[in-house]
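The values are calculated or read from the model by the stated rules, or taken from the named source; none is laboratory data. None of the values given here were measured: they were computed from a predicted structure. Note that we place each Cβ from the backbone using ideal geometry, even for glycine, and neighbour counts take in every protein chain shown.
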Amino acid sequence: MKTRDRLRIAMQKSGRLTEPALDLLNRCGLSFRQSRDKLFLFGEGEPVDLLLVRDDDIPGLIAQGVCDLGIVGRNVLNEFQLTAPGLEASPLSELRSLGFGRCRLSIAVPSEMDYQGPQQLQGQRIATSYPGLLGEWLRTHAVNAGVITLAGSVEIAPKLGTADAICDLVQSGGTLVANQLRETEVLLESEAVLAGPLTLPVDERGDMLELLLKRLDGVIQVRESRLLLLQTSRATLEAVTRLLPGGPQPTLMPVAGQPDQLMLQALCAGEVSWRQLEEIKKAGAREMFVLPVEKMLA
C-alpha cells in the first residue's frame with residue numbers, strides 16, 4: 001500500500017458518536033471540508049483527514065492500514081480484537097478514552113426470572129450482537145450457554161421465544177423495561193475511544209499523531225475543569241488551600257499595596273459546587289470567581 005503523508009482517522013458516519021467526535025476534533029484545532037459524496041472530510045490547516053464509515057468497519061480499516069486511527073466504541077473495538085481472524089489483522093490498542101458515548105454491555109433476563117447468579121444461565125440461550133465478548137465472559141464464569149448471534153433487535157428475542165436472555169448495550173435501561181427485561185450482569189463499561197495499531201507510524205503521520213494526542217489530552221483534561229480565582233490573607237492561606245478541589249498546586253500572587261493579601265489561582269479537576277465555595281469562604285477566602293477553561297497545553 002502506498003505510504004501516505006496525511007493522518008487518516010475513521011469515524012462513524014452517522015450515529016450517537018458522530019457529533020461529539022467532530023466537536024472534540026474541532027476543539028483540538030482541526031477543521032474540515034466535506035467531499036461531495038459525504039464520505040470524506042478533508043483537513044484544512046493540519047494534515048488530518050476523516051473517513052466516514054459504519055462503526056463496525058472502523059477496527060478493520062485500522063488493522064488493514066487503510067486508516068491510521070479510529071474513533072469507535074470500546075465495545076466494537078474489544079469485540080473485533082476477540083473475533084477478527086488473527087492472520088488478517090494487526091493487533092490494535094486503545095490509545096485514549098474520550099469520555100462520551102458511555103454505555104455498558106450487559107446481560108438481561110426476563111423480569112419474572114429469579115436471577116441468582118451466572119450459573120443460572122447454564123444451558124440457556126443468550127441472544128447478542130457481541131458473541132466474542134459474551135463468549136469470553138461465559139468462559140470466565142465457567143458457564144456453558146448457547147450464544148445466538150443477531151445483527152439487531154436483540155431485546156425482542158425472549159418475546160419471540162428464540163432466546164432465554166440477551167446480552168446487549170444499555171444506556172438508560174428504558175428499552176429493557178419496555179421489553180419486560182431486567183439487567184443482571186455488566187460485562188463491559190464502554191465509551192468512545194481513540195483506537196490505533198500497536199505499532200504507530202514513524203513518518204510525518206507519526207509526528208502529527210503525537211501532536212494530536214497532546215491536544216486531545218489538553219482538551220479532555222480541561223473539559224470538566226474550572227479555574228478558581230480568589231483572594232485570601234497569608235494567615236488563612238493554609239486553611240483555604242486545604243479545601244480546594246483536587247488539581248495541581250495553586251499559583252500565588254501578591255496583591256499590590258496589601259502585603260498581607262494574596263491572589264490564589266487554582267485549576268480544579270471538575271465542577272466547583274456552591275457548598276464548596278461557601279466552605280472556602282468560611283475559611284477566609286473572598287472575591288471568588290469560577291471560570292470555565294477553554295484550552296490547556298501542558
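Please determine, by comparing only the residues of the range 154-203 that are β-branched (Val, Ile, Thr) and without any contact (Cβ under 8 Å) to a residue 60 or more places away in the chain, which one is surrounded by the most Cβ atoms within 10 Å (Cβ to Cβ). In this case the residue turns out to be ILE166.
Just to be sure before I move on: is ALA21 on the phi < 0 side of the Ramachandran plot and in contact with a Leu (Cβ under 7 Å, 6 or more places away or on another chain) in the structure I sent? Give the derivation first.
Values: on the phi < 0 side of the Ramachandran plot: yes; in contact with a Leu (Cβ under 7 Å, 6 or more places away or on another chain): no.
In short, no.
Residue pairs whose Cβ atoms lie under 9 Å apart, separated by 6 or more positions or on different chains, with the first residue in the range 127-138 and within 14 Å of ARG104 (Cβ to Cβ) and in the same structural domain as VAL170 (by TED's automatic domain parsing) and the second of a type in the set (Ser, Thr, Tyr) and buried (at least 22 other Cβ atoms within 10 Å of the Cβ), are LEU134/THR128.
If only one of PRO131, PRO110 is farther than 22 Å from ARG16 by Cβ and buried (at least 17 other Cβ atoms within 10 Å of the Cβ), which one is it? Write out each step before concluding.
Numbers: PRO110 fails: buried (at least 17 other Cβ atoms within 10 Å of the Cβ).
Result: PRO131 is the single residue among PRO131, PRO110 that is farther than 22 Å from ARG16 by Cβ and buried (at least 17 other Cβ atoms within 10 Å of the Cβ).
Against the criterion of being in contact with a Leu (Cβ under 7 Å, 6 or more places away or on another chain), in the same structural domain as LYS214 (by TED's automatic domain parsing) and of a type in the set (Ser, Thr, Tyr), SER111 does not qualify. Where helices (runs of 4 or more DSSP H) fall wholly inside the range 71-180, the ranges with 1 or more residues that are closer than 30 Å to GLY196 by Cβ are 74-83, 131-140.
For residues that are in a helix (DSSP H, G or I) and without any contact (Cβ under 8 Å) to a residue 60 or more places away in the chain, tally how many sit in the range 1-26.
Looking only at the range 1-26, we keep the residues that are in a helix (DSSP H, G or I), and these are 18-26.
So of that shortlist, the ones also without any contact (Cβ under 8 Å) to a residue 60 or more places away in the chain come out as 18-19, 22-23, 25-26.
Residues that pass the stated criteria total 6.
Within the range 257-270, identify whether any single residue is under 30 Å from VAL193 (Cβ atoms), of a type outside the set (A, V, I, L, M) and not assigned by TED's automatic domain parsing to the domain that holds LEU95, and answer yes or no. Yes, the range 257-270 contains a residue that is under 30 Å from VAL193 (Cβ atoms), of a type outside the set (A, V, I, L, M) and not assigned by TED's automatic domain parsing to the domain that holds LEU95.
Taking the range 96-107 as the search range and keeping residues that are small (Gly, Ala, Ser) and surrounded by fewer than 16 Cβ atoms within 10 Å (Cβ to Cβ), which one is modelled with the lowest pLDDT? Even if it seems obvious, please write down each step before you answer.
We begin by selecting, within the range 96-107, every residue small (Gly, Ala, Ser); these are 97, 99, 101, 106.
Applying the additional criterion that residues be surrounded by fewer than 16 Cβ atoms within 10 Å (Cβ to Cβ) yields 97, 99.
Numbers: SER97: 94, GLY99: 89.
Among residues in the range 96-107 that are small (Gly, Ala, Ser) and surrounded by fewer than 16 Cβ atoms within 10 Å (Cβ to Cβ), the one modelled with the lowest pLDDT is GLY99.
Report yes if SER273 is out of contact with any helix residue (DSSP H, G or I) (no Cβ under 9 Å at 6 or more places or on another chain), without any contact (Cβ under 8 Å) to a residue 12 or more places away in the chain and of a type in the set (Gly, Ala, Ser), otherwise no. Yes. Here GLY29 does not qualify as in a loop (DSSP other than H, G, I, E, B), small (Gly, Ala, Ser) and touching a Leu at 6+ places or on another chain (Cβ under 6 Å).
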